[in-house]
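Visitor: Here it is: the structure, laid out below.
Just so it is clear, none of the values below were taken in a lab; they were calculated from the coordinates. Since the structure is predicted, the reported quantities are computational estimates derived from the model, not experimental observations. Methodologically, a virtual Cβ is constructed for each residue, glycine included, from the backbone with ideal geometry; neighbour enumeration extends over all protein chains shown.
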Amino acid sequence: MDFRFDIVYEYAPLLLKGTLLTIWISLLGILFGSILGLVIGLGKMSPKRILNFPASAYINFFRGTPLLVQVLIVHFGVVPAIYGSTNSIIAAVLALSLNSAAYTAEIYRAGIQSIDKGQREAAYSLGMTNRQAMRHIIIPQAVKRMIPAFGNEFIVLIKDSSLVSIIAVPELMYWGKAMQTQYYKIWEPYLTAALIYFILTYSLNKLLGYIERKV
């Protein structure tokens, strides 16, 4: 195998920009997804069907359909319907956020329900309302248990962000494909992209391990 490092060197600035954009859209995706996921997760735990049914339907849809299909629907349907024309980066962030929300909703639900019911009952016996019990007793304990799951979701989101290259978002995989198209090479672009993804996810995994030990 004749590996041409000169090609990698030529594309290095573009690959760097693509990597930074990959990190940026993944961060926004997990941030907005976590906020929306909290609302959906609380809705699914609600005994009221008017809240429970839409939340469950949302989770089932986004977990039961391919992310690639969701990206295309958002890019060609949702964003143009809102803005009049599409924008690939906005579509990418929105699609990743909507998809992540379905998974983080389940993380919230599992984390909150893992706390012993006695904790809630003790809070009520002290005169706390349900909101106060959730804020001061339940959620602080649940967050510690959610950290590994949130970390895994962020790692998955970084890897899944490669799918948005199909709508011409100039992230890491986009420039890998551009390199392959220009030079008709396979090993150089895709091995380089794979190595960068590995460095990102491995570093994040180590950081999360450190945070878990501290918490």
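Visitor: Once Cα Rg over 2.2 N^0.38 Å is worked out from the coordinates, which option in [x] 1.07; [y] 1.22; [z] 1.27 does it equal?
Guide: [y]
Visitor: So, in Å, what gap is there between the alpha-carbon centers of region 53-75 and region 3-22?
Guide: 33 Å
Visitor: Want the number for Tyr210 to Leu31: 0.36 nm per residue separation, take away the alpha-carbon distance, what's left?
Guide: Separation in residues times 0.36 nm, less the Cα-Cα distance, equals 62.4 nm.
Visitor: Next question. Using 7 Å Cα-to-Cβ label points, what is the Arg4/Ile50 separation (nm, one decimal)?
Guide: 6.5 nm
Visitor: Testing the spin-label approximation: label points 7 Å from Cα along Cα→Cβ at Asn87 and Thr129. State their distance in nm.
Guide: Roughly 3.8 nm, to one decimal.
Visitor: If R₀ is 41 angstrom, what is the calculated FRET efficiency for the pair Ile199 and Lys117, using the beta carbon separation as r and rounding to 0.05?
Guide: It comes to 0.40.
Visitor: Also: Where does the charge balance sit around Ile7 when Lys and Arg score +1, Asp and Glu -1, over other residues with C-beta under 14 Å from its C-beta?
Guide: Net of charged neighbours comes to -1.
Visitor: Can you return the lysines within cross-link range of Lys185? Criterion is Cα-Cα under 20 Å, with same-chain partners fewer than 8 residues away left out.
Guide: Lys177
Visitor: For region 108-160, run through the chymotrypsin sites (Phe, Trp or Tyr not before Pro) and keep only the ones in DSSP coil with at most 13 other Cβ atoms within 10 Å of their Cβ.
Guide: Answer by residue number: there is no such site.
Visitor: A further question on this structure: So if each residue of separation counts as 0.36 nm, and I subtract the Cα-Cα distance between His136 and Leu42, what length gain in nm does that give?
Guide: On the way: separation 94, 0.36 × 94 = 33.84 nm, distance 1.62 nm.
Going from the current span to full extension adds 32.2 nm.
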